[in-house]
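Chemist: One structure coming up, written as structure tokens, with questions to follow.
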Amino acid sequence: MAEWTERAELLYKKEGLNKLQKSNVLIVGMGGVGSWSAEFLARAGVGKMTIVDGDVVDITNINRQLPALHSTVGQPKITIVGDRLMDINPELQLTRIQEFLSPERAFEIVTDEFDYVLDCIDSVTPKLNLIIGAKRKHVKIVSCMGAGGKMDASKVKVADISTSNSCFLARVIRKRLKEVKIDKGVKVVFSTEIQDENSLKTTDGKNYKKSFYGTNSYMPGLFGLYAAETAIRYLLKREI
């Protein structure tokens, strides 16, 4: 094993580290949640990853997103995050897909070559279709719900979507999933804290997003951590 994985090997043992190195993970969205998820997965030793994002760094991203610095404003997030992942693990088999995931493309991008999918999209329809695509193709997925408008880190948890509550985004996704006969069997990261309605801002609807809440520095990263933990713990237990 590589020297940099020594501490991980002590915890996971050689068998566990080998499972991670042979795993193939898809992460969609390299913003405030997905960028941190990708970082944690790479540092854990996941050997093959596909990252998807079509956005560039905006100055308003600096308060919460891993790739966002004053020096990176205007640069593609997928370039910055991808280069960082390769610097963490030069042997990582990394595929970068630089595109905004349309609702139609979200169905297509999940294939049975992936061992796990992390949904870090903040737009409803692409998120919904990514979940449906994963479920129909029997690929494990964890979907991140709304981190915006929330402050209490202790209220974040991972559970089946059927038991999620106090999250407006989760409520919308639950309703839409029921329309296609999916009412359980999807792990989600969510917070039971009620959103601060005064922090809501509407948009022009570009890139399938009509509004967003104010967001602090730590909550998106915490959602990303929980998503990465969910994937890693599953990958360590699976048979290969």
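Chemist: Please determine, by comparing only the residues of region 176-223 that are at pLDDT 95 or above and acidic (Asp, Glu), which one is nearest to Val33 (Cα to Cα).
Modeler: Glu193
Chemist: Please find, within region 90-110, the residue that is surrounded by the most Cβ atoms within 10 Å (Cβ to Cβ) out of those that are in a loop (DSSP other than H, G, I, E, B) and under 16 Å from the mean Cα position of the chain (by Cα).
Modeler: Leu101
Chemist: Determine whether Glu113 is touching a strand residue (DSSP E or B) at 6+ places or on another chain (Cβ under 8 Å), over 23 Å from Arg84 (Cα atoms) and surrounded by fewer than 16 Cβ atoms within 10 Å (Cβ to Cβ).
Modeler: When the stated conditions are applied, Glu113 passes them.
Chemist: Restricting to region 24-78, name every residue that is within 16 Å of the chain's Cα centre (by Cα), in a loop (DSSP other than H, G, I, E, B) and under 23 Å from Leu10 (Cβ atoms).
Modeler: Hit for region 24-78 is Val46, nothing else.
Chemist: If Gly148 satisfies every condition in (1) surrounded by 14 or more Cβ atoms within 10 Å (Cβ to Cβ); (2) under 27 Å from Gly47 (Cβ atoms); (3) within 16 Å of the chain's Cα centre (by Cα); (4) not aliphatic (A, V, I, L, M) but one, which is the exception?
Modeler: Among (1) surrounded by 14 or more Cβ atoms within 10 Å (Cβ to Cβ); (2) under 27 Å from Gly47 (Cβ atoms); (3) within 16 Å of the chain's Cα centre (by Cα); (4) not aliphatic (A, V, I, L, M), the lone unmet condition for Gly148 is (2).
Chemist: Right, next: Identify all residues within region 121-156 that are in a loop (DSSP other than H, G, I, E, B) and of a type in the set (A, V, I, L, M, F, W, C); write none if there are none.
Modeler: Answer for region 121-156, where residues must be in a loop (DSSP other than H, G, I, E, B) and of a type in the set (A, V, I, L, M, F, W, C): Ile121, Val139, Met145, Ala147, Met151.
Chemist: Looking at region 71-125 only, could you name the residues that are under 30 Å from Val180 (Cβ atoms) and of a type in the set (Gly, Ala, Ser)?
Modeler: Passing the criteria: Ser102, Ala106, Ser123.
Chemist: Sort out which residues of region 64-110 are touching a residue at least 24 places away in the same chain (Cβ under 8 Å), out of contact with any Lys or Arg (no Cβ under 6 Å at 6 or more places or on another chain) and polar (S, T, N, Q), and write them in order of number.
Modeler: Gln65, Asn89, Thr95, Gln98, Ser102
Chemist: For region 2-52, which positions are crowded, with 16+ Cβ neighbours inside 10 Å and on the phi > 0 side of the Ramachandran plot?
Modeler: Gly29, Gly45
Chemist: Go over the candidates Ile141, Ile121, Ile132 one by one and state the one that is touching a Leu at 6+ places or on another chain (Cβ under 9 Å), surrounded by fewer than 23 Cβ atoms within 10 Å (Cβ to Cβ) and closer than 15 Å to Val188 by Cβ.
Modeler: Ile132
The values are calculated or read from the model by the stated rules, or taken from the named source; none is laboratory data. Please read all numbers here as calculations on a predicted model, not as lab measurements. Heads up, the Cβs are rebuilt from the backbone with ideal geometry, glycines too, and the neighbour counts pull from every protein chain shown.
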